[in-house]
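The values are calculated or read from the model by the stated rules, or taken from the named source; none is laboratory data. What you are looking at is a predicted structure, and each value in this text was computed from that prediction instead of being measured. Cβ: placed from backbone, ideal geometry, glycine included. Neighbour counts: every protein chain shown.
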Amino acid sequence: MEIKMIQLIRGFKDILQPEAGLWQHIEKEARKLFEIHGYQEIRLPILEKTELFARSIGETTDIVEKEMYTFTDRGGDTLTLRPEATASVVRAYIQHKLSGTEPVRKFYTIGPMFRRERPQKGRYRQFYQIDVEAFGIASPYIDAQMILMLATLMERLGVTGISAHINSLGCPDCRPRYRETLTAFIEARKEQLCEDCLRRKDKNPLRVLDCKSESCRKAMAEAPELLDELCAPCAEHFAVVRRELDRRSLAYKVDKRLVRGLDYYTRTAFELQTDMLGAQSSVAGGGRYDGLVKALGGPDIPAIGFAIGFDRLVEVIAQTRPPEEARPEVFFIPLGEKAMEKAFDFCMQLAEKKIAAEADYSGRSLKALMKRADRLAAPRVVILGETELQKGLATVKTMASGEQEDIPLENLVERLSLP
Ligand code: HAM
């Protein structure tokens, strides 16, 4: 009987080498940069009560309406695999009273998120975010700091082909007024809207602004813009963010249609966008969410954050610089049992000196193992032949030049430690 192979779930993926090496590199650079700026790592559960996401991301958002992995567990609780990290970070901030006497707290967290979207290039059902959040700072300087930090990370990673977009989404003072104007504008054009927009126009009219459907775009082309109707404090806040980005010569685009897909935002919203991933343009996104801590039962504390789509960032980088397979620096070809024991000892000694060495213990012929050495692309190959071993020697071959020399075994580790 044929045994059926089990495949992974649609929209999920395995991250293999050499790509996983690129993930590690990005993560290392991100941690280094965030920690210099005072952000500390926290690690949170991937499962939360469904209500947490419904109340923070918003009941009428695509995420909550149709994308969450929600189930009832055996105890009868309604739980959801987190579709994003901000809600959990806020929950933890409130629950552990992290505001305490020092409300300024800066965190980052890295891990998998789950959204049941239609899978396509750059869009998965399990994807990863590098999420950064700062609590307790109302000043626009932190907005600028976050955007600049994100840009610096991209620069350090050598990312090309992305642009920064910023907007302001106002506050509870100016947004409701604008909402009314916008709703009136939408009502007058409702025959032209797509089904999704017709459904969400009353509860979430701002979302109509960034609908991708051709007819909605046409209908909304002349829509009033929130950025033009901000209250004075919001306008001033946005002006300072812009001034600080300008002072540091960051190129960005003011994008009046950037509304983001989550309901908790106030004031500054931003995204890093690319055209390298087809329909998925957003590599990172974030913004201020000054009312969320309070709305989830905590103190009235302002906050701001962003999340990088880790998978998308990897794909953007890999398109310009495909990651390379890791290779050992030294490859041992032991011929015979005695030689294998010696090769094993040398590998252990080299590892202590932080030199990556591999040996082949298959007992195959010199010819077969030289082929493997070529495949692994190790710059140096050490052949431990029986006759050489009897003479206390090993043959070191430098692959680039083809040069070959016999080295006394007692000098071998030292010789291989030299460049
Ligand atoms: P978001 O815009 O929903 O924001 O997601 C942030 C990033 O996650 C996106 O820019 C994208 O790169 C990536 N992403 C989202 N969905 C997928 C998917 N299905 N497949 C692959 N990548 C995806 C948030 O999640 C907010 N929590 C960001 C934030 C933090 N705002 C304040 N603090």
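For the residues Glu358, Glu325, the requirement of being among the acidic types (Asp, Glu) and under 18 Å from Glu414 (Cα atoms) singles out Glu358.
Among the residues of the stretch 148-158, is any of a type in the set (Val, Ile, Thr), more than 20 Å from Gly285 (Cβ to Cβ) and surrounded by fewer than 18 Cβ atoms within 10 Å (Cβ to Cβ)? Scanning the stretch 148-158, I find no residue that is of a type in the set (Val, Ile, Thr), more than 20 Å from Gly285 (Cβ to Cβ) and surrounded by fewer than 18 Cβ atoms within 10 Å (Cβ to Cβ), so the answer is no. Considering Glu65, Glu19, the condition of being surrounded by 14 or more Cβ atoms within 10 Å (Cβ to Cβ), acidic (Asp, Glu) and within 22 Å of Leu262 (Cα to Cα) is satisfied by Glu65 alone.
Can you tell me which condition Arg189 does not meet? The list is (1) farther than 30 Å from Arg242 by Cβ; (2) buried (at least 16 other Cβ atoms within 10 Å of the Cβ); (3) among the basic types (Lys, Arg); (4) within 33 Å of the chain's Cα centre (by Cα), and all the others hold. Among (1) farther than 30 Å from Arg242 by Cβ; (2) buried (at least 16 other Cβ atoms within 10 Å of the Cβ); (3) among the basic types (Lys, Arg); (4) within 33 Å of the chain's Cα centre (by Cα), Arg189 violates only (4). From the residues in the stretch 320-360 that are in contact (Cβ under 8 Å) with a residue 60 or more places away in the chain and part of a helix (DSSP H, G or I), which one is surrounded by the fewest Cβ atoms within 10 Å (Cβ to Cβ)? Going through the qualifying residues, I end up with Thr320. Filtered by the rule that a residue be surrounded by fewer than 20 Cβ atoms within 10 Å (Cβ to Cβ) and either within 30 Å of Pro205 (Cβ to Cβ) or within 13 Å of the ligand (Cβ to nearest atom) (or both), the stretch 89-105 gives a lone residue, Ile94. Among helices (runs of 4 or more DSSP H) entirely within the stretch 365-419, having at least 2 residues that are at pLDDT 95 or above and more than 20 Å from Lys342 (Cβ to Cβ) singles out 366-376. Only one of the listed residues (Thr86, Thr109) is more than 8 Å from the ligand (Cβ to nearest atom) and buried (at least 18 other Cβ atoms within 10 Å of the Cβ). That residue is Thr109. Across the stretch 266-280, the number of residues qualifying as closer than 14 Å to Leu227 by Cα and either of a type in the set (A, V, I, L, M) or part of a loop (DSSP other than H, G, I, E, B) (or both) comes to 1.
Could you look through the stretch 263-307, keep only residues that are within 29 Å of Lys121 (Cα to Cα) and aromatic (Phe, Trp, Tyr), and pick out the one that is farthest from the ligand (Cβ to nearest atom)? If we take residues in the stretch 263-307 being within 29 Å of Lys121 (Cα to Cα) and aromatic (Phe, Trp, Tyr), then Phe270 is farthest from the ligand (Cβ to nearest atom). Counting only strands (runs of 3 or more DSSP E) wholly contained in the stretch 1-93, the ones carrying 3 or more residues that are farther than 18 Å from Gly111 by Cα and either at pLDDT below 95 or touching a strand residue (DSSP E or B) at 6+ places or on another chain (Cβ under 8 Å) (or both) occupy 69-72. Residues considered: Glu117, Glu180. Of these, the only one that is acidic (Asp, Glu) and either crowded, with 20+ Cβ neighbours inside 10 Å or part of a helix (DSSP H, G or I) (or both) is Glu180.
Mind listing whichever residues of the stretch 112-156 are more than 13 Å from the ligand (Cβ to nearest atom) and farther than 20 Å from Ala30 by Cβ? Result: Gly136, Ile137, Ala138, Ser139, Pro140, Tyr141.
Apart from one condition, Glu236 fits all of (1) outside any loop (DSSP other than H, G, I, E, B); (2) of a type in the set (Asp, Glu); (3) not assigned by TED's automatic domain parsing to the domain that holds Tyr265; the exception is (3).
For the stretch 365-402, the tally of residues that are within 19 Å of Ile355 (Cβ to Cβ), of a type outside the set (Val, Ile, Thr) and over 44 Å from the mean Cα position of the chain (by Cα) stands at 2. Select from the stretch 206-250 the residues that are among the hydrophobic types (A, V, I, L, M, F, W, C) and surrounded by fewer than 12 Cβ atoms within 10 Å (Cβ to Cβ) and list them in ascending order. Result: Ala221, Ala232. Considering the stretch 159-177, and only residues there that are more than 25 Å from Ser281 (Cβ to Cβ), in contact (Cβ under 8 Å) with a residue 60 or more places away in the chain and surrounded by fewer than 16 Cβ atoms within 10 Å (Cβ to Cβ), the residue that is farthest from the chain's Cα centre (by Cα) turns out to be Asp173.
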